[in-house]
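Encoded as structure tokens, the structure appears first; notes follow it.
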Amino acid sequence: MIESIIGLVVLAVVGWIAVDTVRLGVPSLPMSAPARRGVLALLVHYPGRRVLDLGSGFGVLAWALARGCPDRQVIALEAALLPHLSGRAMRWLPDGKRVQHRWQDARSPAPWPAADIIIVYWMPALMPVLAQLLPRKAAPGTIVISHGFQLPGWTAIDTRPPLEMFVYRV
């Protein structure tokens, strides 16, 4: 009996994640540990108190930012419900309460929280969408750190090729 219940719960969770993946057009993928360390190293070069993890997924990067940047406010914005709830559950970890979580699709008309630095790890298919959203939703001068993929039509002000980090200024 218990195996059947566990099986149904697992099936429901996987199904929910699959529905969110189809609905949003992208899966929630965590940033690798070397990439998280690369982001933390890059932040040393860019001042700003408010950091927005745009599409925070399961909240692993947001939690790493809260731990590694105690002088900065960390905001995690995620559209998929289960990853968002997972990120919120990290509030019980050390420094987890320092992360503000918002359940919101970054592509929705709702404004983004104010940020000095935005960190993104979006799939290539969504980078053109992000390139159009940034001038409308981020303040001029905001630093954008993109891991993995470049913003089409934008010129990076800094790059870290081994880690595929691209830095832009709105």
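Which number do you get for Rg(Cα) / (2.2 N^0.38 Å) in the stretch 28-86?
That ratio works out to 1.08.
Going by Cα centres, the stretch 42-64 and the stretch 146-170 are how many Å apart?
15 Å
Show log10 I(q)/I(0) for the stretch 74-159 at q = 0.18 Å⁻¹, two decimals, from a solvent-free Debye sum over equal Cα scatterers.
So the normalised log intensities are -0.87.
From the phi angles alone, apply the Karplus equation (6.51, -1.76, 1.60; θ = phi - 60°) to the stretch 135-151 and give each ³J(HN,Hα) in whole Hz, x where the residue is Gly or Pro.
Values per residue, Gly and Pro as x: x, 8, 10, 10, 6, x, x, 4, 8, 10, 10, 10, 9, x, 9, 8, 8 Hz.
From the residues Gly38, Phe166, Gly68, which one has its Cα farthest along the dipole of the chain in the positive direction, the dipole being from +1 and -1 charges on Cβ of Lys/Arg and Asp/Glu about the Cα centre?
Gly68
Beyond 24 Å, how much of the Cα-Cα pair distribution for the chain remains, as a whole percent?
On the way: 4884 of 14365 pairs.
Distances greater than 24 Å cover 34 percent of the Cα pairs.
Could you size up the charge dipole of the stretch 60-170 around its Cα centre, putting +1 on the beta carbon of Lys and Arg and -1 on that of Asp and Glu, and report it in debye to the nearest 20?
260 debye
Please give the per residue accessible area of the chain, computed with a probe of 1.4 Å over protein heavy atoms only, in Å².
52 Å²
Express in Å², to the nearest 10, the accessible area of Phe149 obtained by rolling a 1.4 Å probe over the protein heavy atoms while all chains stay in place.
Counting only protein heavy atoms, Phe149 exposes about 60 Å² to solvent.
Which residue, chosen from Pro140, Ala115, Ala89, occupies the Cα position most advanced towards the positive end of the dipole of the stretch 77-170, where the dipole is computed from +1 (Lys, Arg) and -1 (Asp, Glu) charges on Cβ about the Cα centre?
The residue sitting farthest along the positive end of the dipole is Ala89.
What 222 nm value per residue comes from the helices of the chain, counting each DSSP H run with n ≥ 4 as -39,500 (n - 2.57) and dividing by all residues, nearest 500 deg cm²/dmol?
Here the helix-only value at 222 nm equals -11500 deg cm²/dmol.
Whose amide H sits under 5 Å from the amide H of Asp158, counting only residues 5 or more places off or on another chain, with H placed in the peptide plane?
For Asp158, whose amide H was placed from the backbone, the distant partners under 5 Å are Val167.
Multiply the residue separation of Asp158 and Leu133 by 0.36 nm, subtract the distance between their alpha-carbon atoms, and state the gained length in nm to one decimal.
6.9 nm
Of all the accessible heavy-atom surface of the chain, with the other protein chains kept in place and a 1.4 Å probe, what percent is carbon and sulfur?
Carbon plus sulfur share of accessible area: 65 percent.
When Rg is the radius of gyration of the Cα atoms in the stretch 114-170 and Rh is its Kirkwood radius, what does Rg/Rh come to?
With Rg and the Kirkwood Rh in hand, the quotient comes to 0.92.
The values are calculated or read from the model by the stated rules, or taken from the named source; none is laboratory data. As the structure is a computational prediction, the values presented were derived from the model and not from experiment. So basically every Cβ, Gly included, is an ideal-geometry build from the backbone, and we count neighbours across all protein chains shown. Remember, those area values only see protein heavy atoms, side chains included, never the ligands or the DNA or RNA. Shrake-Rupley method; radii C 1.70, N 1.55, O 1.52, S 1.80 Å.
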